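Written out below as C-alpha cells is the structure these notes cover.
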Amino acid sequence: MSSAAEPTRPVPVIAIDGPTASGKGTVAARVAQVLGFHLLDSGALYRLVALAALRRGLPLDAPAALARCAAALDASFDGGRVRLDGEEVGEAIRAEAVGNAASRVAAHPQVRTALLERQRGFRRAPGLVADGRDMGTVVFPDATVKVFLTASVESRADRRYKQLMEKGFSVNLCDLLRDLSERDARDSQRAAAPLRPAEDAFVLDTTALDIDEAVAAVLEFCERNGLSA
C-alpha cells in the first residue's frame, strides 16, 4: 500500500525590515552567518538601479525608463562584492547621494515590479535572510520569521555619521538627520509597498541596543519559531 508523498516544505525565509540605519543590514548578515543561510540585501538592488540611473543621466521621476533600467540591470553579488556592468561598486552604492536617489527610485511601482521576481529568486535552500523595507509585507509575505527593526531618528543619524566617517566620507550630522527624516517620510508614505511592519512581525527597537544584543534578540525569536543553528 503506497502512502501519499509529504508536501514539500518551502525554503525558510527570515524577513528583516526597517528604516535606514536601524541596523537591519548588519543584523541580517550576522543572522545569515550563524544559521548558514543565504543573504539578500534588497536595498543594494535599488541602490544599483539608482547608481545606474545617475550614471546614465536618467531622470529619477521617469518610472518607465527606470523600470527598463531595473529589468536590464547587469548586477551581481559575489563573495561580498557588488558589481554593476562588471565594475565593483560596493562603496559607490553606499554614498548618501545614491541612497537618497534609491529612495526616490523605489517609490515607483514599475521599478518595484521589475525587481520583484529577481528578489524572490534568492530563495534557495537551506534558507534565506532578506533585509529591506517590504520583505515581510510584499516580497516574502509567507516568510517563516518576520522582524521589523526600528530606532530613533537621532540614534540612526549618529550611527550613519560614524559609519560614513570611518569610510572617509565628509558628512554633516545635521544634514544626515534631515535626510533620514525626509527618507523616512518618503518611504512610509509612498503608495507602493510603504515602509511598515507586517502584522505578524517581531518589532525590535534598537535605539538602546548594540549590534550583539540586537542579533541575539533576533536569533532568540527565530529559535522560538523553529529556526536555529
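Only one of Ala143, Ala114, Ala201, Ala193 is touching a Phe, Trp or Tyr at 6+ places or on another chain (Cβ under 9 Å), crowded, with 18+ Cβ neighbours inside 10 Å and either under 30 Å from Ala71 (Cβ atoms) or of a type in the set (Ser, Thr, Tyr) (or both); which?
Working: Ala143 fails: touching a Phe, Trp or Tyr at 6+ places or on another chain (Cβ under 9 Å); Ala114 fails: touching a Phe, Trp or Tyr at 6+ places or on another chain (Cβ under 9 Å); Ala193 fails: touching a Phe, Trp or Tyr at 6+ places or on another chain (Cβ under 9 Å).
Testing whether each residue is touching a Phe, Trp or Tyr at 6+ places or on another chain (Cβ under 9 Å), crowded, with 18+ Cβ neighbours inside 10 Å and either under 30 Å from Ala71 (Cβ atoms) or of a type in the set (Ser, Thr, Tyr) (or both) leaves just Ala201.
Filter the strands (runs of 3 or more DSSP E) completely within the range 120-223 down to those with at least 1 residues that are within 18 Å of the chain's Cα centre (by Cα), modelled with pLDDT under 95 and among the small types (Gly, Ala, Ser). Working first, answer last.
Numbers: elements: 128-132, 145-150, 202-205.
Answer list for the range 120-223: 128-132.
Do you know which of the residues in the range 177-190 that are buried (at least 18 other Cβ atoms within 10 Å of the Cβ) and among the basic types (Lys, Arg) is nearest to Arg112 (Cα to Cα)?
Initially, the range 177-190 is screened for residues buried (at least 18 other Cβ atoms within 10 Å of the Cβ), giving 179-180, 183, 187, 190.
This time we only want the ones that are among the basic types (Lys, Arg), so: 183, 190.
Numbers: Arg183: 17, Arg190: 12 Å.
Per the criteria, the residue is Arg190.
Check the range 161-176 and report whether any residue there is buried (at least 20 other Cβ atoms within 10 Å of the Cβ) and either aliphatic (A, V, I, L, M) or free of Cβ contacts under 8 Å to residues at least 12 places away in the same chain (or both). Full working, then the answer.
Start the filter on the range 161-176 by keeping residues that are buried (at least 20 other Cβ atoms within 10 Å of the Cβ), which leaves 176.
From what's left, either aliphatic (A, V, I, L, M) or free of Cβ contacts under 8 Å to residues at least 12 places away in the same chain (or both): 176.
Yes, because at least one residue in the range 161-176 is buried (at least 20 other Cβ atoms within 10 Å of the Cβ) and either aliphatic (A, V, I, L, M) or free of Cβ contacts under 8 Å to residues at least 12 places away in the same chain (or both).
Could you list all residues from the range 20-31 that are among the aliphatic types (A, V, I, L, M) and surrounded by fewer than 21 Cβ atoms within 10 Å (Cβ to Cβ)?
Looking only at the range 20-31, we keep the residues that are among the aliphatic types (A, V, I, L, M), and these are 21, 27-29, 31.
Ala29, the sole residue that qualifies.
How do the pairs read when you match residues in the range 120-147 that are free of Cβ contacts under 8 Å to residues at least 40 places away in the same chain and over 18 Å from Gly25 (Cβ atoms) with residues anywhere that are surrounded by fewer than 24 Cβ atoms within 10 Å (Cβ to Cβ) and charged (D, E, K, R), using Cβ under 7 Å and keeping only pairs 6 or more apart or on different chains?
The qualifying pairs do not exist here.
Conditions (1) under 30 Å from Ala71 (Cβ atoms); (2) charged (D, E, K, R); (3) modelled with pLDDT under 90, marked per residue:
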position	(1), (2), (3)
Ser3	no, no, yes
Asp17	yes, yes, no
Ser22	yes, no, no
Arg30	no, yes, no
Leu45	yes, no, no
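Of all residues in the range 117-144, which are among the acidic types (Asp, Glu) and more than 19 Å from Val34 (Cβ to Cβ)?
Filtering the range 117-144 down to residues among the acidic types (Asp, Glu) leaves 117, 131, 134, 142.
Selection gives Glu117, Asp134, Asp142.
On the basis of being farther than 14 Å from Leu115 by Cβ and buried (at least 21 other Cβ atoms within 10 Å of the Cβ), does Val34 make the cut?
On the way: farther than 14 Å from Leu115 by Cβ: yes; buried (at least 21 other Cβ atoms within 10 Å of the Cβ): no.
No.
The values are calculated or read from the model by the stated rules, or taken from the named source; none is laboratory data. Since the structure is predicted, the reported quantities are computational estimates derived from the model, not experimental observations. All Cβ positions, glycine included, derive from the backbone under ideal geometry; neighbour counts span all protein chains shown.
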